[in-house]
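One structure is given here, and the rest of the page talks about it.
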Amino acid sequence: MTPLSQAAPELDVVQWFNTPGPLTLAGLRGRIVVVHAFQMLCPGCVQAGLPQAQRIFQLFPADQVAVIGLHTVFEHHAAMTPVSLGAFIHEYRLGFPIGVDRPGERGPIPRTMAAYGMNGTPTLLLIDRFGRLRRHAFGVEEDLRVGADIARLIAEKPGSETDFSAS
């Protein structure tokens with residue numbers, strides 16, 4: 001797993017939805033980046049993770065907080081194709097950018113998922129405006145906690161980093 005407060009690995013995405021071009025963490029420097037890793041057949045993702053990502057996308061100003069969905073498929077590969085994902089995004093009216101994690105070279109684990117050491121989905125990543133991973137959480141997260149962590153990152157001054165792992 002990528003240690004907290006270290007440079008976040010770049011996203012390795014093969015296809016993007018809801019954005020005119022590819023996004024990079026380097027290109028989003030200066031903003032807080034919220035990455036919600038999900039699978040469209042994951043109940044926790046559909047019931048909690050994606051609705052939370054949509055709420056964050058609608059609540060926080062886009063010039064301060066970038067929300068990215070990462071479709072990271074490690075099971076049921078035949079059912080979760082980009083074509084199916086496009087229909088899923090349309091049906092659930094997801095408005096934030098969503099990338100498709102590049103398949104792994106050896107085995108079922110996609111590349112971004114492996115780079116971050118994700119244990120499954122849903123996974124939440126919070127990346128500060130300097131490109132450092134500040135929170136890595138597996139499972140459903142409470143809205144209030146996530147909102148408070150994002151607000152702390154927005155208000156944070158350089159050199160005053162908070163350790164979110166203890167919160």
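The figures follow:
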{"read-out": "Between helix 50-59 and the chain: long-axis angle, C-alpha atoms, 0 to 90°, nearest 10", "value": "40 degrees"}
{"read-out": "Fewest-first sequence of H136, H90 by Cβ atoms within 10 Å of each Cβ", "value": "H90, H136"}
{"read-out": "Length released on extending from F130 to A155, taking residue separation times 0.36 nm less the Cα-Cα span", "value": "7.7 nm"}
{"read-out": "Of (1) 46, 33, 29; (2) 51, 35, 33; (3) 106, 32, 24, the label for Cα extents along the principal axes in Å derived from the coordinates", "value": "(1)"}
{"read-out": "Reciprocal mean inverse distance between Cα atoms of the range 45-137 - Kirkwood radius, Å", "value": "14.3 Å"}
{"read-out": "Where labels lie 7 Å past Cα in the beta-carbon direction, separation of Q58 and N119 in nm", "value": "3.1 nm"}
{"read-out": "Whole-Hz couplings from phi, Karplus 6.51/-1.76/1.60, listed for the range 111-117; x for Gly and Pro", "value": "5, 5, 4, 5, 4, 8, x"}
{"read-out": "For R134, residues with placed amide H under 5 Å, excluding near neighbours", "value": "S5, L126, I127, D128"}
{"read-out": "Amide H within-cut-off set for V67, under 5 Å, with H built and near neighbours excluded", "value": "V34"}
{"read-out": "Ordering of 111-120, 59-68, 32-41 by packing [mean C-beta count within 10 Å, highest first]", "value": "32-41, 111-120, 59-68"}
{"read-out": "DSSP beta bridge pairing in the range 66-144, given as percent antiparallel to the nearest 5", "value": "60 percent"}
{"read-out": "Beta bridges by DSSP in the chain, antiparallel share as percent, to the nearest 5", "value": "60 percent"}
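Quick note: the coordinates plus some simple rules give every number you see, no bench work behind them. Computed from a prediction, not measured in an experiment: that's the story for all the values here. Note that we place each Cβ from the backbone using ideal geometry, even for glycine, and neighbour counts take in every protein chain shown.
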